[in-house]
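The structure appears below as structure tokens.
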Amino acid sequence: MTAVTTTSADLVEVPSTTDRTRSAALRRGFFVASPVLAGILLLVATIADPGAGSTGQELNQYYTDNPGPLQVHSLVLHWSYAFWGVTAFMAAAYVKGRGSVLANIGAFLGFVGMTTLPGILAIDWYDSSIGQVYGVDAITSMHEHMEETLWALPVFAMPGMIGLLLCMPVAAAALWRGGVVRWWSFAAALVGTATFIGSGVTLWGVSLTAVLFTVLGVDLARGTRSPRA
């Protein structure tokens with residue numbers, strides 16, 4: 001009688017080539033879709049924003065008077081910012097050799113942006129509730145008090161803002177340098193981000209941002225395609 005010895009390694013199911021290919025395709029699809037979704041959701045959030053283009057007391061009044069649209073705006077914007085950051089975070093896996101250091105910097109900026117800034121949007125709902133309960137002036141008083149007494153607040157918020165604004169152009173530059181995308185994708189990421197800020201987050205600006213981020217996504221689909229595809 002021949003003894004058969006079964007080791008723990010024999011019991012481990014090795015993923016098939018098909019499973020690995022499917023997983024890689026799903027990751028690639030998520031990566032390609034992320035900048036497109038970031039732009040689309042940014043546009044939807046801006047359309048829903050009851051105070052788009054407003055600042056200060058005027059913005060507080062709009063948010064106090066329109067809690068319904070505000071909730072849609074902040075919730076959708078939360079996911080836009082998340083997809084914005086994850087694009088840069090995932091880009092590092094597609095850049096080898098030239099541009100890899102830049103890609104790692106972009107990934108770090110994306111990580112900081114997507115883990116910090118989306119959560120800050122919840123303060124919109126607190127502002128609206130405070131305005132409804134205590135009056136619009138109380139919102140300004142609360143923010144002034146927080147700025148004067150809470151030193152950790154800017155330390156918490158500022159890296160997220162910087163990370164969000166820089167991650168997409170830096171990642172796109174790395175992808176361009178690594179030969180994954182063409183130069184116009186870097187230009188699209190740079191101009192799209194600049195337009196988002198320069199327009200004061202208004203409809204015309206974010207519309208252009210959505211188009212330019214879609215340009216990046218389309219070029220990512222081309223650049224990450226399998227050679228046999």
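Here are the numbers for this structure:
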read-out	value
Residue ID - farthest from I197 (Cα to Cα), chosen from residues in segment 39-76 that are touching a Leu at 6+ places or on another chain (Cβ under 6 Å) and among the β-branched types (V, I, T)	V76
Boolean, M114 is assigned to a helix (DSSP H, G or I), more than 19 Å from T209 (Cα to Cα) and at pLDDT below 95	no
Selection count, segment 183-195, where residues are among the hydroxyl-bearing types (S, T, Y) and surrounded by 21 or more Cβ atoms within 10 Å (Cβ to Cβ)	2
Count of segment 161-182 residues which are surrounded by 21 or more Cβ atoms within 10 Å (Cβ to Cβ) and assigned to a helix (DSSP H, G or I)	12
Test: S185 is among the small types (G, A, S), within 24 Å of T64 (Cβ to Cβ) and part of a helix (DSSP H, G or I)	no
Condition check for S129: in contact with a helix residue (DSSP H, G or I) (Cβ under 9 Å, 6 or more places away or on another chain) and over 27 Å from I47 (Cα atoms)	no
Filtered residues of segment 196-223 (kept if surrounded by fewer than 20 Cβ atoms within 10 Å (Cβ to Cβ), touching a residue at least 12 places away in the same chain (Cβ under 8 Å) and polar (S, T, N, Q))	T202, S207, T214
Some residue of segment 146-158 being crowded, with 16+ Cβ neighbours inside 10 Å, assigned to a helix (DSSP H, G or I) and more than 14 Å from the chain's Cα centre (by Cα)	no
Every pair of residues 6+ apart whose Cβ atoms lie under 6 Å, when the first sits in segment 115-139 and is crowded, with 19+ Cβ neighbours inside 10 Å while the second is of a type in the set (D, E)	I139/D127
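Results for (1) out of contact with any helix residue (DSSP H, G or I) (no Cβ under 7 Å at 6 or more places or on another chain); (2) in contact (Cβ under 8 Å) with a residue 60 or more places away in the chain, shown as yes or no for each residue.
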position	(1), (2)
G29	yes, no
A33	no, yes
L41	no, no
G51	no, no
E58	yes, no
Y63	no, yes
H73	no, no
S80	no, no
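The values are calculated or read from the model by the stated rules, or taken from the named source; none is laboratory data. Here the structure is a predicted model, which means the values were calculated and not measured. Note that we place each Cβ from the backbone using ideal geometry, even for glycine, and neighbour counts take in every protein chain shown.
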